[in-house]
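The values are calculated or read from the model by the stated rules, or taken from the named source; none is laboratory data. This is a predicted model, so every value here is computed, not measured. Here the Cβ positions follow ideal geometry from the backbone for every residue, glycine too, while neighbour counts run over all protein chains shown.
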Ligand SMILES: Cc1cc2nc3c(=O)[nH]c(=O)nc-3n(C[C@H](O)[C@H](O)[C@H](O)COP(=O)(O)OP(=O)(O)OC[C@H]3O[C@@H](n4cnc5c(N)ncnc54)[C@H](O)[C@@H]3O)c2cc1C
Ligand code: SF4
């Protein structure tokens, strides 16, 4: 199998060509190692970081920005949004605090991306 | 009297203040009109910031947080909810900043140097003149972003986006994830103005169509948006009759460009470059007014915040040198945009102020491959910038060595897009 794609691992946006099958892939067009990793991952198990917000009580504003600590499978983005829509946290929160463990059984936690003091 | 007053506490203002403090200037004050520091990054909850600076993919609030922490660690004073109204320069070169907040009321604050870091604002529907009423449901993409990400308020369910700049693309994904149906993104140009990675991860991932060479020719609905007319345009960007499609929607997001916010600069007599719509600046970000510096989106619209921080650090350094009386003011070079280049920043260069090189930031006018950007002084080519592809959406950072400039003493640096030599 052969596919052309744009690497989204950084704003350079290198144009990759990924060729191969099973466990055996070659990536060309990348400017760094992350591009190779991305190209292979995109063919075998595409994943994305999910940045979103959850409800926060007792802070200056009503939404706390969060993200998955690592990429989660692309197919689980909407399920993760569903799970996160039920989460309510209380201020204070520090950047990096876990707001939801093991989102959608991915083994990956969702963490706060902003420090919000209680008011 | 303050040594330095920084107007605007976004990433540019923070980086400038941090650098000035590190250069040994203590008496600094940051003035910010919002309820917190961090600027526009507070609403940019997506990841993709800071790869150059921190070698990781941070979200906007995380990136801002790092600079806020640096400023706090250095104990740099700041005032929030404080709106700067205007600024003037007195005959003895003192700068007076007029500002207002609830606690202190009206203030006239004096400083030796001022750094302008007010960022930019978005173009609106009025600014681009789409026919039709101005019903509820028409938002700039940034306003919608603030509503959704900070107030938790969804702006609509059936969405059309005009303009494929990064904010529009990011909002297409954001609204889709929040359960809205984004019907399409229309772009009047034959190419997108956003980063390619955003087209992939914001549109392609969710099968949202990008209609290039299409614009919105009419907004239907009087109280609330009911539909928009989407029409194809020809190579002169004129609508092609008979190609109009009416798309029902309750929300129209506009992502049609940013304009540097320069009312204060203009009022103070800062010279504005008509190409960038921001102040003309030197290699250390000094404007035409001695002791008045500018950096970040107020100077020219950046697509990467890392470059904002880099540029702003120079402004901090420049202001610190000015305060200490170490800033050289003899301009050796001016920069000009030749064929294929839209604008160049900085506009003027004093070689004596450079460490070992100067970063010239520029935008190309159109997409090209198999080209290079050459830098000339007179007829002599002094440097070449290579890339696989040049696109208007991605600012080019062209580094010119101090040693190359020293060979000439003075002149005009001209940047030109030319075919790659075989
Ligand atoms: C929607 C969006 C998405 C982006 N996505 C990315 C991305 O993915 N990756 C990336 O690297 N970059 C991205 N950027 C760019 C980056 O966010 C900006 O380049 C950066 O925030 C600019 O910093 P700044 O300090 O110049 O301006 P701003 O962040 O706008 O800060 C200006 C500050 O000045 C204050 N101010 C203005 N006028 C006054 C006044 N009169 N008195 C007092 N205070 C005042 C404002 O309140 C604000 O806090 C994005 C930008 C936007 C808008
Ligand atoms: S290959 Fe490396 S440099 Fe190129 S886009 Fe991917 S991460 Fe960035």
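Take the residues in region B:177-199 that are facing chain A (nearest Cβ under 9 Å) and touching a strand residue (DSSP E or B) at 6+ places or on another chain (Cβ under 7 Å); name whichever of them is surrounded by the most Cβ atoms within 10 Å (Cβ to Cβ).
Ranking the candidates gives B:199 first.
Considering every residue within region B:67-75, establish whether at least one is within 8 Å of ligand 1 (Cβ to nearest atom), buried (at least 24 other Cβ atoms within 10 Å of the Cβ), assigned to a helix (DSSP H, G or I) and under 21 Å from the mean Cα position of the chain (by Cα).
no
Report every pair of residues separated by at least 6 positions or lying on different chains whose Cβ atoms are under 7 Å apart, first residue within region B:36-49 and touching a residue at least 12 places away in the same chain (Cβ under 8 Å), second in a loop (DSSP other than H, G, I, E, B) and within 16 Å of ligand 2 (Cβ to nearest atom).
That search, which allows pairs on different chains as well, returns B:47/A:49; B:47/B:57; B:48/A:11; B:48/B:57.
Counting just the residues of region B:84-126 that are surrounded by fewer than 13 Cβ atoms within 10 Å (Cβ to Cβ) and within 28 Å of the chain's Cα centre (by Cα), which one comes out farthest from ligand 1 (Cβ to nearest atom)?
B:126
Inside region A:48-119, counting only strands (runs of 3 or more DSSP E) that do not spill past its ends, which hold 2 or more residues that are within 9 Å of chain B (Cβ to nearest Cβ)?
Per the criteria, A:51-57, A:63-68.
Among the residues of region B:330-338, is there at least one that is in contact (Cβ under 8 Å) with a residue 40 or more places away in the chain, farther than 27 Å from residue B:421 by Cα and part of a loop (DSSP other than H, G, I, E, B)?
Looking for residues that are in contact (Cβ under 8 Å) with a residue 40 or more places away in the chain, farther than 27 Å from residue B:421 by Cα and part of a loop (DSSP other than H, G, I, E, B), one finds at least one in region B:330-338, hence yes.
Is it true that residue B:80 is surrounded by 19 or more Cβ atoms within 10 Å (Cβ to Cβ), more than 16 Å from ligand 2 (Cβ to nearest atom) and modelled with pLDDT of 95 or more?
When the stated conditions are applied, residue B:80 does not pass them.
Restricting to region A:41-51, count the residues that are within 16 Å of ligand 1 (Cβ to nearest atom) and in contact with a strand residue (DSSP E or B) (Cβ under 6 Å, 6 or more places away or on another chain).
The qualifying residues number 3.
Got a sec? Which helices (runs of 4 or more DSSP H) wholly within region B:107-215 have at least 2 residues that are in contact with a helix residue (DSSP H, G or I) (Cβ under 7 Å, 6 or more places away or on another chain)?
B:141-146, B:166-177
Looking at region A:7-40 only, could you name the residues that are under 18 Å from residue B:56 (Cβ atoms), away from ligand 1 (no atom under 16 Å from the Cβ) and in contact with a strand residue (DSSP E or B) (Cβ under 8 Å, 6 or more places away or on another chain)?
If the condition is that a residue be under 18 Å from residue B:56 (Cβ atoms), away from ligand 1 (no atom under 16 Å from the Cβ) and in contact with a strand residue (DSSP E or B) (Cβ under 8 Å, 6 or more places away or on another chain), then A:35, A:38 are the ones that fit.
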